[in-house]
Amino acid sequence: MQSLSVPQIICTTILIEKSPQALPLGAACIASALKHNPLTAGKYQVLLTSVSAEDRDFSDALHSGNAAQLLVRKLLSYGMPQFICFSVYVWNRNILEQTAEEIKKQYPEIICIAGGPEITADPFSSTSFDYTVAGEGETAVPDLIAQLSAGQNKTEILPQGVFNPRKEHQTAASVFAHALPPDINNSISPWLDGTIDPQNYGGVLWELARGCPFKCAYCYESKGAKEVRYFSMERIEKELDLFAQKKVPQVFVLDPTYNADKKRALKILHLISKKISGTFFYFEGRAEFIDRELAEAFTEIPCALQIGLQSIHEEVLEKVHRTLAKKLFIKNIGILNHTGVIFGFDLIYGLPGDTLSGFCESIDFALSLYPNNLELFCLSVLPGTDLYDTAEGLGLVWDKKPPYHVQHTDRFPSDSMQKAELLSMACSLYYNQGRAVPWFNSILRPIHCKPSVFLADFAAWIKVNHKDLCTPGMPALCLPHEQIEEIQLDFIKKKYTEKNIPALLPAAEDIIKMNGALSRTQADGIQQTVYIRFHPDDIMSEYASDIAFFTKNAEKKRYMIQTFMTAKGADWKILR
């Protein structure tokens, strides 16, 4: 075991995967604060470490029930820490609680501190930790550690937002204070001080702001102050310079409503365009705030915009404190389509007041607008949200353990929830991972089939013909696109045969093959060879959107096509 000359603090968490979307940013912010807060700076060796559920040894330990013991060994392999700070989320709570309990059994002198969304929801709910922190911890954790190190751990006066769950108990009516939030204009970036290296994760989570101007009932922000605190432009510019220097391939922007402040959004987009190239950015935004100027600014950089639609039914959205101006939504999504911005939608099933048929109507509406992807999520009743406080009165029945998924509602029975889960699988496989956006609606038009019905039929067909893909959580991500394309073609052949329109099948197949080859070349830069029965210029023209008209009027002839990359993207040439 490594010996250390100064007391040690370990900041740690368990990641659901090792990726830019699942890196230990929360733990890194605490580690960075400990390094720079005057109360703790220079007095401790602060270590940031994490494990991923995808790590082979940890994955094996999870399956064998030894994950907590393995994590204890990993943490203590760095030396004997004085404090361990755990970042607790829905997916890692149980294991981190077991880890803290195991540490206290073996080394009772180590002080275990926990924070994060799960702890903030109810800081009294876990007695596995010595201390819990509700809210942002960059100020409270250094204050607590300084106080404990000074021998004041026997006092009952703790920093605001810090609790001792073994000594304090929350009653049903009690209200607890959150920790004092840090001054984010003067906080130190964990990227800039080297606490976390983007090259270790293939990209970054980039925090531009904290808070949200909206109060969606199912979100942790539902009980927030309904205000947004923005990080300084000086910090943002320095971080962009670092990302450019490190040649970061992708950035996931942490700002739930990036385009709420149009002026600031435009300024940052122009900065990105000026300072960095070759990096793909992912934003979250509201369609209601899109206009042509903003859409055109998004086209200046490689990026995608994810939009939380959730449902198209006003009476459903009202129950979770959301609104939808449908005409404005359609108009602004049209601007995104016209300017060529990549965008996707989120929908939630199991919302109070919704039904399976209502959810299907939301799917049909969403796919009619040609999103690049459509993500279908089961509603989670997260502790610490407004929804959690009102869920029973809204007719929701949910799992009381993470991930808190709704099991059924008064209008969405269990069998309907299972059907919605299959729709989610089908949409992920056929539409999202199948890269179907350029042709999906055109292919469905001749069979007069709504998207939700098509996806439901596909899910039923998959259960019979590809049972391995119906395992919950078994994603199409595991399949190469060429294999998904074969599945798409098999199912289209079945549907066109059932509708007695086999004459239209060659055009439909060519459209899928041609677009698929181009997408693989665009994504991987690899040449593709494809055999088609219509001229590629015709297949990629607007006339192909009407397959019946196209089949009747286009010249039929066999072609061998090769796709290749150019400076402007994927292109093709006729080999013969």
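The values are calculated or read from the model by the stated rules, or taken from the named source; none is laboratory data. None of these values were measured; they are calculated from a predicted model. Cβ coordinates were reconstructed from backbone atoms using ideal geometry, including for glycine residues, and neighbour counts include every protein chain displayed. What goes into the accessible areas is simple: the full protein's heavy atoms, side chains included, and nothing from ligands, DNA or RNA. Shrake-Rupley method; radii C 1.70, N 1.55, O 1.52, S 1.80 Å.
For beta carbons closer than 8 Å, sequence separation of 6+ or different chains, a first residue in segment 204-216 that is closer than 20 Å to Glu234 by Cβ and charged (D, E, K, R) and a second that is assigned to a loop (DSSP other than H, G, I, E, B) and open to solvent by 30 Å² or more (accessible area, probe 1.4 Å), the qualifying pairs are Arg210/Glu136; Arg210/Pro181; Arg210/Val228. The requirement of being in contact with a Ser or Thr (Cβ under 8 Å, 6 or more places away or on another chain), under 18 Å from Gly26 (Cα atoms) and not aromatic (Phe, Trp, Tyr) is fulfilled nowhere in segment 101-110; no residue meets it.
Residue by residue through segment 518-534, note down the ones that are closer than 16 Å to Val437 by Cβ, in contact with a helix residue (DSSP H, G or I) (Cβ under 9 Å, 6 or more places away or on another chain) and not polar (S, T, N, Q). Spell out the reasoning first.
Taking segment 518-534 and keeping what is closer than 16 Å to Val437 by Cβ, we get 518-520, 522-523.
When the remaining residues are screened for being in contact with a helix residue (DSSP H, G or I) (Cβ under 9 Å, 6 or more places away or on another chain), the result is 519-520, 523.
Listed by number, the residues that qualify are Arg520, Ala523.
Of the residues making up segment 25-46, just one is under 31 Å from the mean Cα position of the chain (by Cα), open to solvent by 40 Å² or more (accessible area, probe 1.4 Å) and not basic (Lys, Arg), namely His36.
Criterion applied to Val248, Val253 was being in a loop (DSSP other than H, G, I, E, B) and either under 22 Å from the mean Cα position of the chain (by Cα) or buried (at least 21 other Cβ atoms within 10 Å of the Cβ) (or both), and the one residue passing it is Val248.
Of all the listed residues (Asn92, Asn66), the sole one being polar (S, T, N, Q) and touching a Phe, Trp or Tyr at 6+ places or on another chain (Cβ under 9 Å) is Asn92.
Hey, among the residues in segment 61-88 that are among the aliphatic types (A, V, I, L, M) and within 30 Å of Gly151 (Cβ to Cβ), which one's surrounded by the fewest Cβ atoms within 10 Å (Cβ to Cβ)? Steps first, answer last, please.
Step one: filter segment 61-88 for residues among the aliphatic types (A, V, I, L, M), giving 61-62, 67-68, 70-72, 75-76, 80, 84, 88.
If we keep only those that are within 30 Å of Gly151 (Cβ to Cβ) as well, we get 71-72, 75-76, 80, 84, 88.
Values: Leu71: 25, Val72: 20, Leu75: 20, Leu76: 18, Met80: 14, Ile84: 26, Val88: 28.
Checked segment 61-88; the qualifying residue surrounded by the fewest Cβ atoms within 10 Å (Cβ to Cβ) is Met80.
Keeping to segment 410-433, report how many residues are out of contact with any strand residue (DSSP E or B) (no Cβ under 8 Å at 6 or more places or on another chain), part of a helix (DSSP H, G or I) and open to solvent by 20 Å² or more (accessible area, probe 1.4 Å). The number of residues fulfilling the criteria is 5. Of everything listed in (1) open to solvent by 60 Å² or more (accessible area, probe 1.4 Å); (2) of a type outside the set (A, V, I, L, M); (3) under 20 Å from the mean Cα position of the chain (by Cα), the single unmet condition for Gln407 is (3).
When the criteria are applied in full, Glu239 meets the requirement of being surrounded by 19 or more Cβ atoms within 10 Å (Cβ to Cβ), of a type outside the set (A, V, I, L, M) and either at positive phi or not in a loop (DSSP other than H, G, I, E, B) (or both). Would you check which residues across segment 101-130 are in contact with a Phe, Trp or Tyr (Cβ under 7 Å, 6 or more places away or on another chain), open to solvent by 20 Å² or more (accessible area, probe 1.4 Å) and assigned to a helix (DSSP H, G or I) and list them? Matches in segment 101-130: Pro117 only.
Looking across Glu221, Glu227, one residue alone is modelled with pLDDT under 90, of a type in the set (Asp, Glu), within 23 Å of Val90 (Cα to Cα) and open to solvent by 40 Å² or more (accessible area, probe 1.4 Å). It is Glu221. Annotation note: Cβ proximity below 6 Å between a residue of segment 513-535 that is under 18 Å from Phe280 (Cβ atoms) and touching a residue at least 60 places away in the same chain (Cβ under 8 Å) and a residue that is assigned to a loop (DSSP other than H, G, I, E, B) and open to solvent by 20 Å² or more (accessible area, probe 1.4 Å) (sequence gap 6+ or interchain) occurs for Ser519/Arg435.
Tally the residues that are of a type in the set (D, E, K, R) and either under 23 Å from the mean Cα position of the chain (by Cα) or open to solvent by less than 60 Å² (accessible area, probe 1.4 Å) (or both), restricting the search to segment 263-274. Explain how you work it out, then say what you get.
Our first condition is that a residue be of a type in the set (D, E, K, R); within segment 263-274, this holds for 263-264, 267, 274.
From what's left, either under 23 Å from the mean Cα position of the chain (by Cα) or open to solvent by less than 60 Å² (accessible area, probe 1.4 Å) (or both): 264.
Looking only at that region, the number is 1.
Within segment 1-26, the set of residues being of a type in the set (Val, Ile, Thr) and at pLDDT 65 or above comprises Ile9, Ile10, Thr12, Thr13, Ile14, Ile16.
Only one of the listed residues (Gln82, Gln98) is without any contact (Cβ under 8 Å) to a residue 60 or more places away in the chain and polar (S, T, N, Q). That residue is Gln98.
Check segment 370-377 and report whether any residue there is aromatic (Phe, Trp, Tyr), over 18 Å from Leu317 (Cα atoms) and either in a helix (DSSP H, G or I) or modelled with pLDDT under 95 (or both).
Kept after step one, since they are aromatic (Phe, Trp, Tyr), are these residues of segment 370-377: 370, 377.
From what is left, the residues that are over 18 Å from Leu317 (Cα atoms) are 370.
Restricting the remaining residues to those that are either in a helix (DSSP H, G or I) or modelled with pLDDT under 95 (or both) gives none.
No, there is no match, as no residue in segment 370-377 is aromatic (Phe, Trp, Tyr), over 18 Å from Leu317 (Cα atoms) and either in a helix (DSSP H, G or I) or modelled with pLDDT under 95 (or both).
One residue stands out in segment 196-212 among those that are farther than 26 Å from Val228 by Cα and within 17 Å of the chain's Cα centre (by Cα): the one that is surrounded by the fewest Cβ atoms within 10 Å (Cβ to Cβ), namely Gly202. At least 2 residues being surrounded by 14 or more Cβ atoms within 10 Å (Cβ to Cβ), under 34 Å from the mean Cα position of the chain (by Cα) and modelled with pLDDT of 95 or more is the threshold, and among the helices (runs of 4 or more DSSP H) wholly inside segment 490-576 those reaching it are 505-524.
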